[in-house]
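Everything below concerns the one structure shown next.
Throughout, read-outs are computed from the coordinates displayed, never taken from laboratory work. What you see is a predicted model, and the numbers here were worked out from it, not measured in a lab. Ideal geometry is used to build each Cβ from the backbone, glycine not excepted, and the neighbour counts take in all protein chains shown.
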Amino acid sequence: MTAATLGALIPGFPLVAFLVLAVVWPLRRTGRAAGWLSIGAVGVSFVLSLRLAILILGSPEQVERSFTWIALASGPLVGVGILLDSVSVVMLLVVSALSFLIQLYSLGYLREEPPGSLGRYYTYQALFAVAMLGLVSASNLLQIYILWEIVGLCSCLLIGFWYTKPEAARAACKAFWVTKLGDLGFLIGIIVLWANAGVLDLTDLFEWVRRGDAAVPFLSLVTLLIFLGAVGKSA
């Protein structure tokens, strides 16, 4: 199995689990069975991440596969794809391992939760895993931003999981607005970068910077704006 295929399958298994739980409501309402489906899917992602690490780590080359998503008359504007190098592979390992452990622990921690609510929880967790695994292996900034927003949505849904408790509902609303404030800076940074570089693909952006086409003060400003997205999420 090639590295590109492994990179596509790693978020693919949690995606299938999420779609099944979102559509097949009788399974979702079983509670523990829904939990084991999501846990199993993320567990497979972790095993595949280990296999991918064996192929990628230690190699100076990177693997990129992308397809045109938005095209202009002058050529492709935005693609959808994966970019695999030593950094992204390490992050795939971290995300899949933590997601597996969190979901496994939750099955015991939420053992007294009604089956319907437990199934809803694991539906959120499966989507969260998809977004995080896709985020760390995305090949362009727009793709990263979209997945970043899905991560923010899942955070708010999980923070307000016990939405009947006023404090949980308020915390979810607070998380939403703080996250959106940071994401606004992230979006402005992407727009400013695209207006100057003309590309959003990470490989092209790295090459643009290596050529010295961007001034250091400009890069500092763009980096700060993009970093605001992480600041808002952490807050």
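Descriptive notes on the structure:
- Annotation: average projected area of region 154-197 is 3.1 square nanometres, based on the convex hull of Cα atoms across all directions.
- Each residue in Cys173, Cys156 was given a count of other beta-carbon atoms within 10 angstrom of its own, and listing them fewest first yields Cys173, Cys156.
- Each residue, Val87 and Arg111, gets one label point 7 Å from its Cα in the Cβ direction; the gap between the two is 4.3 nm.
- Here, P(r) means the percent of Cα pairs in each 5 Å bin from 0 to the largest distance; for the chain it is 1, 7, 12, 15, 17, 17, 13, 9, 5, 3, 1, 0.
- Scalar couplings 3J(HN,Hα) for region 42-59, obtained by applying the Karplus form with A = 6.51, B = -1.76, C = 1.60 to θ = phi - 60°, are 5, x, 5, 4, 5, 4, 5, 5, 4, 5, 5, 4, 4, 7, 9, 4, x, 9 Hz; x denotes Gly and Pro.
- A Förster distance of 45 Å, applied to the separation of the beta-carbon atoms of Arg211 and Ala168, puts the FRET efficiency at 0.35.
- For the chain, the 222 nm mean residue ellipticity estimated from helices alone, with every DSSP H stretch of n ≥ 4 adding -39500 (n - 2.57) and the total spread over all residues, rounds to -25500 deg cm²/dmol.
- Counting every C-alpha pair in region 65-152, the share spaced more than 18 angstrom apart comes to 55%.
- Using the Cβ-Cβ distance between Ala230 and Ala33 with R0 = 25 Å, the FRET efficiency computed as 1/(1 + (r/R0)^6) comes to roughly 0.10.
- Size descriptor for region 168-235, Kirkwood hydrodynamic radius: 13.0 Å (Cα pairs only, one decimal).
- Using the Karplus relation 6.51 cos²θ - 1.76 cosθ + 1.60 with θ = phi - 60°, the per-residue 3J(HN,Hα) values for region 132-143 come to 5, 5, x, 4, 7, 10, 5, 9, 8, 5, 5, 4 Hz, with x marking Gly and Pro.
- Here Glu167, Glu112 are placed in order of increasing Cβ neighbour count within 10 Å, fewest first, which gives Glu112, Glu167.
- As an equivalent ellipsoid, region 93-143 spans semi-axes of 26, 13, 4 angstrom, where each value is the square root of five times an eigenvalue of the C-alpha gyration tensor, largest first.
- The distance linking region 214-235 with region 163-202 is 13 Å (Cα centroid to Cα centroid, whole angstrom).
- Linear extension gain, Ile146 paired with Leu98, 0.36 nm per residue minus alpha-carbon span: 15.1 nm
- In order along region 149-155, phi translates into HN-Hα couplings of 5, 5, 4, x, 4, 5, 4 Hz, rounded to whole numbers, per the Karplus curve 6.51 cos²θ - 1.76 cosθ + 1.60 with θ = phi - 60° and x for Gly and Pro.
- Taking amide H atoms as placed 1.01 Å from N in the peptide plane, the amide H of Ser137 has no partner under 5 Å among residues 5 or more positions away or on other chains.
- Most positive-pole-ward Cα, Phe128, Gly7, Ala53, against dipole of the chain from beta carbon charges: Phe128
- Residue (of Ala17, Leu184, Val209) at the positive-pole extreme of the chain, dipole from beta-carbon charges: Ala17
- Relative contact order (%) - region 1-67, alpha-carbon pairs under 8 angstrom, separation at least six: 48 percent
- Hull shadow area, averaged, region 3-139 [alpha-carbon convex hull, nm²]: 8.9 nm²
- Relative exposure of Phe186, Phe67, judged by other C-beta atoms within 10 Å (fewest first): Phe67, Phe186
- Helix 216-234 and the longest principal axis of the Cα set of the chain meet at an angle near 0°.
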